[in-house]
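Data first, discussion second: the structure below is written as structure tokens.
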Amino acid sequence: MDQPLRLCFVCLGNICRSPTAEAIMRHRLRERGLADRVVVESAGTSDWHVGDAADRRAAEEARGRGITMDGCARQFTPADFARYDLVLAMDHSNRADLLAIAPGEEAAARVRLLREFDPAAADAGDLAVPDPYFGGPDGFVHVFDLVDAACQGLIDHLEARLSRSG
Ligand code: 4NP
């Protein structure tokens with residue numbers, strides 16, 4: 001079998017949105033029998049929360065939906081571009097920060113907004129997963145729903161890519 005595809009979800013702090021995406025994606029890949037074909041990680045553009053566990057509010061929302069979040073925050077570095085096939089930014093600011101440290105055009109081309117893979121979001125022209133950190137609990141419910149929909153679309157895209165590569 002080919003090498004697995006490698007993905008990294010990226011937000012600002014790596015304690016709310018991107019670890020939520022990492023946990024949902026791993027869960028959905030298992031459900032769809034693709035867990036051994038895709039490696040999933042996450043990171044933050046900032047170093048503000050390096051070493052911290054996921055935000056309690058994000059972890060509680062995920063737990064309520066039957067998904068466990070583990071791991072701790074780390075910062076995305078320019079060297080990381082070589083480690084991933086796709087780098088999935090949560091919002092436009094995360095994407096801009098990633099493009100600013102991309103070591104070249106090939107690296108920059110691997111950066112996408114996660115919600116580009118949600119057909120409904122693409123149609124509505126709203127491609128950001130909004131930062132829930134300073135808001136109330138509803139923000140974490142919303143993030144979970146947006147990320148879950150986009151992850152399902154992303155898996156559809158990856159399935160097509162994997163079936164082309166054998
Ligand atoms: P995240 O959320 O980027 O989804 O992990 C944030 C976490 C922390 C902060 C901002 C956003 N902060 O300002 O510390």
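Observations
- For region 153-164, the condition holds for at least one residue, the condition being that it is open to solvent by 50 Å² or more (accessible area, probe 1.4 Å), at pLDDT 95 or above and closer than 19 Å to residue 4 by Cβ.
- The number of residues in region 47-59 that are open to solvent by 70 Å² or more (accessible area, probe 1.4 Å), in contact with a strand residue (DSSP E or B) (Cβ under 8 Å, 6 or more places away or on another chain) and free of Cβ contacts under 8 Å to residues at least 24 places away in the same chain comes to 0.
- Scanning region 85-97 for residues that are within 13 Å of the ligand (Cβ to nearest atom), acidic (Asp, Glu) and in a loop (DSSP other than H, G, I, E, B) yields a count of 1.
- Search result, residues across region 60-77 that are under 28 Å from residue 110 (Cβ atoms) and crowded, with 16+ Cβ neighbours inside 10 Å: 62, 67, 69, 73, 74, 75, 76
- Only one of the numbered conditions (1) assigned to a loop (DSSP other than H, G, I, E, B); (2) open to solvent by less than 50 Å² (accessible area, probe 1.4 Å); (3) without any contact (Cβ under 8 Å) to a residue 40 or more places away in the chain is violated by residue 39, and that is (1).
Conditions (1) free of Cβ contacts under 8 Å to residues at least 24 places away in the same chain; (2) open to solvent by 70 Å² or more (accessible area, probe 1.4 Å); (3) within 16 Å of the ligand (Cβ to nearest atom); (4) assigned to a loop (DSSP other than H, G, I, E, B), marked per residue:
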site	(1), (2), (3), (4)
100	yes, yes, no, no
122	yes, no, no, no
126	yes, yes, no, yes
129	no, no, yes, yes
132	no, no, yes, yes
135	yes, no, yes, yes
138	yes, yes, yes, no
141	no, no, yes, no
144	no, no, yes, no
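- Sole exception among (1) in a helix (DSSP H, G or I); (2) in contact with a Phe, Trp or Tyr (Cβ under 8 Å, 6 or more places away or on another chain) for residue 82, by number: (2)
- Verdict on residue 2 being out of contact with any helix residue (DSSP H, G or I) (no Cβ under 7 Å at 6 or more places or on another chain) and in a loop (DSSP other than H, G, I, E, B): no
- Scope region 1-36; condition away from the ligand (no atom under 13 Å from the Cβ), over 10 Å from the mean Cα position of the chain (by Cα) and touching a residue at least 24 places away in the same chain (Cβ under 8 Å); matching residues: 1, 2, 4, 5, 6, 27, 28, 29, 32, 34, 36
The values are calculated or read from the model by the stated rules, or taken from the named source; none is laboratory data. If you're wondering where the values come from, they're calculated on a predicted model, not measured in any experiment. Because the Cβ atoms are built from the backbone with ideal geometry, glycine has one as well, and the counts that use them run over all protein chains shown. For the accessible areas, the whole protein counts, side chains as well, though only heavy atoms, and no ligand, DNA or RNA atoms are used. Shrake-Rupley method; radii C 1.70, N 1.55, O 1.52, S 1.80 Å.
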